[in-house]
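Presented below is the structure to which this report refers.
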Amino acid sequence: MRNIPVAEVDDLDRAVLAIGTDYPHDHLLVRHEHRRAQVLYAATGVMRVETADGSWTVPTARAVLIPPMARHQVTMTGVSTRSLYIEPAAVPWFPARCQAVDVSVLLRTLILEAVEMEPRYPEHSRDAAVATLILHELRNLTPLPLDVPLPSDPGLRGLCEAFLRKPDIHDPPARWCAVLSISERTLARLFRRETGLSFSQWRQRACVLHSLRHLSTGTPVTRVATMLGYDNPAAYTAAFKKLLGRPPTAYRSPGTGSVQSRGA
């Protein structure tokens, strides 16, 4: 199925529904929710999925698991998606909050195949076997650190959201303390309690994940490093590899020299 709202087929008596959707460049899918669990796979481009408790940046050939009834919005940059909508009873292990995941070659092939299936596929058919195999493969996904947790404290959250719009790796904690009228020790405790990360870890992760969107559009690594305030490209590359395990060039889009496959 392609380019149809999931609401049109949501009531079908099938555990797995697959829909491919093409979006305009820089499209915002406003806050919404689904009755089914969703596996949102980026066949092209970069997505940013936002919920009340965090932001997930998902580059090409990766996916994000979105729990049933989780209210979220998605910002698309050159995105074509392949989504699996799954009956909650079929995935009792599904995470309680969004989770970015790597996608194996086999699962990617199954997702692309499922989009071509008739929505009311016959039971005990080849298509039904594909759906069953998808459910098996989803149990073996590798989580990726592509999320930036957001605090519930209103003052700290406002500063975090402002930082995400314009990240700077050298933004000093003293500036945050001055705005919040707290000490650096209190800021450190607040960050750890609210996000599970230290201030420097959170800042580093936010900068690296922000850069994925620029890499996907072909922005040179040197320019990306400068935009984020790194002292030199090597420092940015080292931080990127520490978080994601691969250099920035591995996350560039296929048209700009990426090693990643764009998909169908």
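All of the numbers you see were taken from the coordinates with simple rules; none came from a lab. Predicted, not measured: the structure shown is a model, and the values here were computed from it. Here the Cβ is made from the backbone with ideal geometry for all residues, glycine too, and neighbour counts use every protein chain on show.
Return an integer: the convex hull volume of the alpha-carbon atoms of the range 6-138, in Å³ per residue. It would help to have the intermediate numbers written out before the result.
On the way: hull volume 12.9 nm³, N = 133.
Value for the range 6-138: 97 Å³ per residue.
Under the shape rule built on the C-alpha gyration tensor, where the axes satisfy a ≥ b ≥ c, the range 120-264 is oblate, since a/c reaches at least 1.5 while a/b does not exceed b/c.
Screening the chain for whole DSSP H helices with an alpha carbon extent of at least 15 angstrom along the helix axis and a mean Kyte-Doolittle hydropathy of at least -1.0 yields 105-115, 126-138, 154-165, 199-216, 233-244. For a modelled paramagnetic label at Ala188, 7 Å from Cα along Cα-to-Cβ, the residues of the range 199-231 in reach, with backbone nitrogen under 17 Å, are 199-204. Footprinting exposure proxy ranking of Ile19, Ile66, fewest other C-beta atoms within 10 angstrom first, gives Ile19, Ile66.
Any chance you could run the full-extension gain for Arg223 through Ala238? It's 0.36 nm times the residue separation minus the Cα-Cα distance, nm to one decimal.
Numbers: separation 15, 0.36 × 15 = 5.40 nm, distance 1.54 nm.
Stretched out fully, the Arg223 to Ala238 stretch lengthens by 3.9 nm.
Among the GluC sites (Glu not before Pro) within the range 160-256, not one is in coil by DSSP while having at most 14 neighbouring Cβ atoms inside 10 Å.
With only Lys, Arg, Asp and Glu charged, each at its Cβ (+1 for the first two, -1 for the last two), find how big the charge dipole of the range 151-256 is about the Cα centre; round to the nearest 20 debye. Can you show the working numbers first?
Values: 16 positive and 7 negative charges, 53 e Å.
Rounded to the nearest 20 debye, it is 260 debye.
Send over the Kirkwood Rh of the chain, from the inverse of the averaged 1/r over different Cα pairs, rounded to one decimal Å.
Answer for the chain: a Kirkwood hydrodynamic radius of 19.4 Å.
Neighbouring Cβ atoms within 10 Å as the yardstick, rank Trp176, Trp93 fewest first.
On the way: Trp176 21, Trp93 6.
Placing the least packed residue first, the sequence is Trp93, Trp176.
Counting 0.36 nm for each residue step from Glu8 to Met69 and taking away their Cα separation leaves a gain of 20.2 nm.
Work out which trypsin sites (Lys or Arg not before Pro) in the chain are exposed loop sites (DSSP not H, G, I, E or B, at most 16 other Cβ within 10 Å) and give the longest gap free of them. List each step's numbers first, then the result.
Values: sites that count: Arg35, Arg71, Arg97, Arg120, Arg139, Arg262.
Free of exposed loop sites, the longest segment is 140-261.
Would any residue of the range 12-48 have its amide N under 17 Å from a label point 7 Å out along Cα→Cβ of Glu116? List them or say none. Only 18-21, 43 fall inside the zone, counting backbone N under 17 Å. Amide H contacts of Arg252: Val259, each under 5 Å away and 5 or more positions distant or on a separate chain (H built 1.01 Å from N in the peptide plane; Pro and chain starts excluded).
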